[in-house]
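What follows draws every value from the coordinates through simple rules; no lab data is involved. All values reported here derive from a predicted model rather than from experimental measurement. Cβ: placed from backbone, ideal geometry, glycine included. Neighbour counts: every protein chain shown.
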Amino acid sequence: MPVPAIDVAAIAPLTDVSDWLRSSGLKIVLLLLGAVLITRFAGWLRDRITDRIDSTFRHTDALIRTEDAKYRHALAQVLTWVLLSVVYIAIGVEVIRCLGFNLAGLIAPAAVFGAALGFGGQRVVQDLVAGFFLITERQYGFGDVVRIDATGVSAPADGIVEDLTLRITKLRSSDGEVISVPNGQIAMVTNLSKDWARAVVDVPVAAAVDTNRVNEVLQEVCAKAYQDRRIRPLLLDEPSVMGVESLEVDQVNIRVVARTLPGKQFEVRRELRARIVAALRRDGLIAEASSAASSPAADEQ
């Protein structure tokens with residue numbers, strides 16, 4: 001019985017593929033696996049660091065995070081993002097090399113591509129540079145309440161800083177929405193939780209009302225609020241009545257100001273409004289007011 005001939009030409013390509021899978025193919029798999037492991041480890045390490053910062057805050061009597069804690073939290077996020085970016089670029093270059101592409105021969109096309117990318121990626125470079133200065137200058141950090149005005153956008157973005165990288169800043173609004181702002185488009189930042197804040201309440205009353213009596217009632221409200229054990233920890237000093245802030249034809253606005261802990265001005269302002277409404281109603285002054293003493297006031301830093 002004749003022995004079938006073996007086609008050596010057909011076996012050679014299979015041998016080449018097998019050799020490539022055992023060498024370059026295996027190396028690519030290991031590189032990709034290493035990228036996944038590094039990503040998991042970097043995320044675990046970042047969460048470990050941030051959890052430790054947050055646990056230190058939760059296990060103390062402090063009502064707010066310190067500026068150093070905010071900065072360390074933001075720095076951990078940025079360093080993780082930078083590390084993973086460098087790792088992905090290095091592994092991507094190595095995978096291209098394992099696939100058999102000659103990187104030296106790609107210099108000329110890469111130069112043309114880099115020039116095109118430079119014109120099209122100016123915004124990305126601008127975001128990275130702006131993010132670098134945001135971090136180094138400590139303009140805001142994780143957990144800060146900020147108002148960001150971006151170029152080309154009419155309405156500012158308000159919220160709590162949830163994530164911060166060199167490229168973008170993510171805010172959580174009061175409605176629960178996540179707002180992503182490229183750092184290069186930030187024109188102005190208003191930090192509402194830096195060092196201390198101020199709760200401002202403008203009380204509108206009718207022009208015919210005795211303003212001296214209104215001032216006395218408001219001073220009593222401020223004194224009782226400062227003595228309240230529930231609201232006292234949020235205040236840096238006793239709220240004060242600034243007096244008549246503005247005059248109109250049929251209305252007088254009297255301003256009450258309270259210096260608070262960073263980010264607590266909203267809670268204090270709501271509490272003062274409720275107390276002022278109750279006090280004016282009790283003294284029969286709110287019936288003569290042009291509107292309830294709860295008009296929103298702009299936060300002042």
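Within 10 Å, count the other beta carbons around each residue, average over each peptide in 221-234, 158-171, and list them highest first. Don't skip to the answer; put the middle values down first.
Details: 221-234: 14.6, 158-171: 19.5.
The packing order, highest mean first, is 158-171, 221-234.
Karplus-derived 3J(HN,Hα) values for region 227-244, using 6.51 cos²θ - 1.76 cosθ + 1.60 with θ = phi - 60°, are 8, 6, 5, 7, 9, 4, x, 8, 9, 8, 7, 5, x, 10, 9, 7, x, 5 Hz; glycine and proline are entered as x.
Taking R0 as 30 Å, what FRET efficiency do you get between Trp44 and Glu177 from their Cβ-Cβ distance, rounded to the nearest 0.05? Efficiency at R0 = 30 Å is approximately 0.60. 3J(HN,Hα) along region 29-37: 4, 5, 5, 5, 5, x, 4, 5, 5 Hz, from the Karplus curve 6.51 cos²θ - 1.76 cosθ + 1.60 with θ = phi - 60°, whole Hz, x for Gly and Pro.
Between Gln139 and Phe266, the FRET efficiency estimated from the beta carbon spacing at R0 = 22 angstrom works out to 0.60. Annotation: amide H-H contacts under 5 Å for Val203 (H modelled 1.01 Å from N, sequence separation of 5 or more, or interchain): Ile254, Arg255, Val256.
Note the full-extension length gain between Leu26 and Ala206 as 0.36 nm times their separation in residues minus their Cα-Cα distance, in nm to one decimal.
Net length gain for the segment: 56.6 nm.
Shape class for region 178-264: oblate, because the ratio a/c of the largest to smallest gyration tensor axis (alpha-carbon atoms, square roots of eigenvalues) is 1.5 or more and b/c is at least a/b.
Available extension along the chain between Asp163 and Ser55 is 37.1 nm, counting 0.36 nm per residue and deducting the alpha carbon span. The string of couplings for region 207-214 from the Karplus curve (6.51, -1.76, 1.60, θ = phi - 60°) is 5, 7, 6, 6, 5, 5, 5, 4 Hz, one whole number per residue in order, with x for Gly and Pro. Cross-link partners of Lys70 among lysines, defined as those whose alpha carbon lies under 24 angstrom from its own and excluding same-chain residues fewer than eight positions apart: Lys170, Lys194, Lys264.
Looking at region 167-226, which GluC sites (Glu not before Pro) are in a loop (DSSP not H, G, I, E or B) and have at most 15 other Cβ atoms within 10 Å?
The qualifying sites are Glu177.
Among 84-97, 253-266, the peptide with the highest mean count of other Cβ atoms within 10 Å heads the list, and the full ranking is 253-266, 84-97. Residue separation of Ala223 and Leu33 scaled by 0.36 nm, minus their Cα-Cα distance, works out to 62.0 nm of gained length. Put simply, the amide H of Gln251, placed in the peptide plane, has neighbours under 5 Å in Ala207, leaving out anything fewer than 5 places away on its chain.
Here the residues Met242, Met188, ranked from fewest to most Cβ neighbours within 10 Å of their Cβ, fall in the order Met188, Met242. Report the net charge of residues surrounding Ile135, where surrounding means a beta-carbon distance below 12 angstrom and charges are Lys +1, Arg +1, Asp -1, Glu -1. Here the charged neighbours net out to +3.
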